Amino acid sequence: MPTFVSPEKCKGCMQCVDICPSDIMHIDPNHGRAFNVEPAMCWECFACVKACPEGAIDVRGYADFAPLGHRVVPNRTPDRIYWTIRMRDGTVKEFSFPVRRGKWGSTPSPAKEPAPSADQIAGELLAFEPDYLAVEALPTISAVPG
Amino acid sequence: MEDGVPSSPTVVDCDLLIVGGGFAGCGAAFEARYWGRDLKIVVVEKAAIERSGAVAQGLSAINCYMGMRWGENRPEDFVRYVRNDLMGLSREDLVYDVARHVDSSVHLFDEWGLPIFTDASGKYIREGRWQVMIHGESYKPIIAEAARAAATQVDEHVLITHLLPSASDPHRIAGAVGFSVRDGTYRIYRARAVIVAAGGASHLFRPRSSGEGWGRTWYPPWSTGSAYALLIRLGAEMTQMENRLVVTRFKDGYGPVGAFFLYLKAVATNAAGENYEVARRPSLRERVGAYADATPLPTCLRNDLMLREILEGRGPILMHTERVIDSPEKETVAWEAFLNMTVGQAVTWAAQGTDPSREPSELILSEPYVLGSHAVCAGAWTSGPADLSPEDYRWGYNRMTTIVGLFGAGDTVGGSAHKFSSGSFTEGRLAAKGAIRFLADHPEPAPVADGTVESLRAAVFAPLVRYLGSRPKVTSGVVHPDLLFPDQALHRLEKIMDEYGGGVGSNYTTNDHLLGRGLAQLGHLKQDLAAVGAADLHQLGRAWELEHRVWTAESVLRHTRFRTETRWPGYYYRADHPKVDDEHWHCFVNSVYDPATGDWRLFTRPVHALI
Ligand SMILES: Cc1cc2nc3c(=O)[nH]c(=O)nc-3n(C[C@H](O)[C@H](O)[C@H](O)COP(=O)(O)OP(=O)(O)OC[C@H]3O[C@@H](n4cnc5c(N)ncnc54)[C@H](O)[C@@H]3O)c2cc1C
Ligand code: SF4
Ligand code: SF4
């Protein structure tokens, strides 16, 4: 379902341009607002819709199979996402799910841990193992000859 | 940039370059920093890592988790499962290696704040034997946060077009080049080691959706086969490129079926209400022998049963969601499965007025994809871990390709199936540790030839130059006598692959003659790549994605032609060799392209059972 942008709401902030994995949200140089330059390469991933601070981006199901008369609208907050779905017959369904525990930006660099020894670099364990495997030792099997 | 070629390139020198900031790339950045405290670690990504790659929308399940701490599965159980699902052909050393480490990655995700479904005792809730359920809308941004904290720098909106060989040894990596899709600068990365984690490939074959819905593929349109093309063109050995993936999905919206089959225990029937997987099992046995009795039935054979049902006129195939969604909780699970990972299916339900708690939904088989992390394992032939791998699977550092200092992870790596998100992240970690060891043993920088960097610069921007040069020849519009736009050429590629290589248009069926014709047509298309024009930087990106897809497609056709059997019925059929032929083909098909001569060499490698 390709995206489209409301000219009244868009402020040209570029957030959708930065986030679109398909590189298809661009700013129209004539009026400074975003638009989808290549709707046929849109994955309906909603990354731009979720990122837009103005709620300016909406989607319409792909014309080749989606009848008109529906809406799927996300509202993503730092810890939850809220979805409003309007079905073809006007029925509305609402869902909300957590997106993350804890604070955004709180994940530390693994370099905060004490530096590993040369022996550890030579071994098979990965960072924080075996602790994070939550079993005593890394499983192994003996190699069969080639 | 008047003539299309930007004036001053940007040079980045680093110790480790990671190409692609998807699941595997983020895992690699994290792990590399843990072991390489003072190293310069650079991630280069064509989009923004918070929403790049196959997990851009989020996911609803982690599909690879052993649960060793609860005694749920051991790595050897997983190896047996994967062996069965791949009809015998996987790199069991790589599969075991992912399995024995993957739990630690999932426990890290948990610590980083990913909401995982747990029961009252804190145990993860299973969707199926290997899957755990998550509220995964923000799975990718959570992973990206860890990668950002670890990497020295993350260069976004830079598309890598070529890997750079060392000036002194064409089989030693020295970096990569590409360009910024934002400002058009030519980017030169000089690195002592490189990990390619650039994802799988969609849009090699014509999708079922058309027109405006062209982008409605199951794997995202931005999975462009860069991982394969970058490696192939440098001369890296590839494996199982014929092992393309066809998935069973909800029709049109392509919503995944896992939560419905595994968690909600829904059943699929033909139009008459018959459970065709049970009813048609005897005829499957006639065609594939004992594989028809394998438990669980291999993914490709489930496809095969569905395909026959449709071809014999008993469709549509219906997923009976209405029989299992009998509470508000289950209705929420059903919708969340899609809102977290394939919003388009929720849109399809809303648009077509389908209430899954009242009526069934149609299922369909998708067009084929090429990837290394799912129920298939195409990709690079890599060295395995020192303590597990047989000698012929081990020539260097873990996950190093046959190019010295060049590593792969995730969809990039072949033979190592069923990794999914968590396993791809884990394989990124394994590759990073391999690369760290390599860097310790190879402190000297790999020299780069100035001439190579210059000639690649001309090549990278050629589509822009070509377009500007051709402008005076026509009034306006998109039809030029001697120039093709990337989307026009991509349509040609998809048509060739669909009709000759076994896409949906030919019910996944091909033969030696068709493959020969397909390769001839692809040869013309390769010549025409020298006529692809780009009007702006966005199209320049598309031009390079196209080029990467064409090289990947050629490899797929060559591999498919070489393997004269039908190893994976339901993924594709060789009509001239319709049987599984264990006597001759219980082996890997590998290939090497020689950049010096332009020749392809195809050959087999043995499959070793380690368990
Ligand atoms: C619809 C769908 C549902 C799925 N469901 C599940 C599930 O439920 N559970 C599960 O565990 N897994 C699931 N998967 C699979 C999972 O997403 C993949 O296995 C995993 O993302 C593969 O990781 P990767 O790093 O190899 O590729 P990706 O995550 O795709 O990353 C590749 C990265 O490389 C970048 N890139 C590509 N080319 C270039 C270039 N030339 N230059 C620079 N950067 C480049 C891309 O932008 C991207 O960021 C699903 C996938 C899809 C599409
Ligand atoms: S994010 Fe929203 S407001 Fe900003 S440019 Fe895009 S559409 Fe306009
Ligand atoms: S929905 Fe996804 S692919 Fe489509 S424009 Fe938005 S971010 Fe891009």
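Observations on the model:
- Selected residue [modelled with pLDDT under 95 and farther than 20 Å from B:Phe250 by Cβ] from B:Glu286, B:Glu312: B:Glu286
- The residues listed here are B:Ser455, B:Ser424; of these, the one that is more than 30 Å from B:Leu108 (Cβ to Cβ), among the small types (Gly, Ala, Ser) and assigned to a helix (DSSP H, G or I) is B:Ser455.
- Residue match in region B:157-176 (condition: buried (at least 24 other Cβ atoms within 10 Å of the Cβ), within 16 Å of ligand 3 (Cβ to nearest atom) and closer than 26 Å to A:Ile81 by Cβ): no
- Qualifying positions in region A:39-56 - more than 7 Å from every other protein chain (Cβ to nearest Cβ) and either within 16 Å of ligand 1 (Cβ to nearest atom) or within 14 Å of B:Ala47 (Cα to Cα) (or both): A:Cys48
- A single member of B:Gly113, B:Gly88 is part of a loop (DSSP other than H, G, I, E, B) and within 13 Å of another protein chain (Cβ to nearest Cβ), and it is B:Gly113.
- Of the strands (runs of 3 or more DSSP E) lying entirely inside region A:1-112, those carrying at least 2 residues that are open to solvent by 40 Å² or more (accessible area, probe 1.4 Å) and within 16 Å of ligand 3 (Cβ to nearest atom) are A:25-28, A:33-36, A:71-76.
- Screening A:Pro7, A:Pro2 for residues that are away from ligand 1 (no atom under 16 Å from the Cβ) and within 20 Å of B:Pro207 (Cβ to Cβ) leaves exactly one candidate, A:Pro2.
- Given (1) over 17 Å from the mean Cα position of the chain (by Cα); (2) under 13 Å from B:Met241 (Cβ atoms); (3) not in a helix (DSSP H, G or I), index of the condition B:His577 fails: (2)
- A:Ala40 falls short on exactly one of the conditions (1) over 25 Å from A:Phe95 (Cα atoms); (2) within 9 Å of ligand 2 (Cβ to nearest atom); (3) in contact (Cβ under 8 Å) with a residue 24 or more places away in the chain; (4) small (Gly, Ala, Ser), and that condition is (2).
- Verdict on B:Gly128 being of a type in the set (Gly, Ala, Ser), more than 11 Å from chain A (Cβ to nearest Cβ) and over 29 Å from B:Val246 (Cα atoms): no
- Scanning region A:43-62 for residues that are more than 13 Å from ligand 2 (Cβ to nearest atom), of a type in the set (Lys, Arg) and touching a Lys or Arg at 6+ places or on another chain (Cβ under 7 Å) returns no hits.
- Qualifying residue in region B:59-81 (condition: at pLDDT 95 or above, open to solvent by less than 10 Å² (accessible area, probe 1.4 Å), in a helix (DSSP H, G or I) and within 13 Å of ligand 1 (Cβ to nearest atom)): no
- Flag if B:Ala489 is part of a helix (DSSP H, G or I), open to solvent by less than 60 Å² (accessible area, probe 1.4 Å) and under 25 Å from B:Ala458 (Cα atoms): yes
- The test for being under 27 Å from the mean Cα position of the chain (by Cα) and open to solvent by 10 Å² or more (accessible area, probe 1.4 Å) does not hold for B:Arg314.
- Residues (open to solvent by 10 Å² or more (accessible area, probe 1.4 Å) and more than 9 Å from every other protein chain (Cβ to nearest Cβ)) located in region B:41-54: B:Glu45, B:Ala54
- Residue selected from region B:122-141 under the condition in a strand (DSSP E or B) and under 18 Å from A:Trp83 (Cβ atoms), by the criterion most open to solvent (accessible area, probe 1.4 Å): B:His135
- In the condition set (1) touching a Lys or Arg at 6+ places or on another chain (Cβ under 8 Å); (2) open to solvent by less than 10 Å² (accessible area, probe 1.4 Å), B:Arg206 is compliant with all but (2).
- Failed condition for B:Asp38, given (1) more than 20 Å from B:Asp411 (Cβ to Cβ); (2) within 9 Å of chain A (Cβ to nearest Cβ): (2)
- If the condition is being of a type in the set (Phe, Trp, Tyr) and part of a helix (DSSP H, G or I), then region B:540-573 contributes B:Trp544, B:Trp551, B:Phe562.
- Residue within region B:382-390 that is in contact with a strand residue (DSSP E or B) (Cβ under 9 Å, 6 or more places away or on another chain) and surrounded by 24 or more Cβ atoms within 10 Å (Cβ to Cβ) present: yes
- Flag if B:Thr452 is away from chain A (no Cβ under 14 Å), closer than 23 Å to B:Glu237 by Cβ and open to solvent by 20 Å² or more (accessible area, probe 1.4 Å): yes
The values are calculated or read from the model by the stated rules, or taken from the named source; none is laboratory data. Keep in mind the model is a prediction, meaning the values are calculated, not measured. Every residue, glycine as well, gets a Cβ built from its backbone with ideal geometry; the counts of neighbours run over all protein chains shown. For the accessible areas, the whole protein counts, side chains as well, though only heavy atoms, and no ligand, DNA or RNA atoms are used. Shrake-Rupley method; radii C 1.70, N 1.55, O 1.52, S 1.80 Å.
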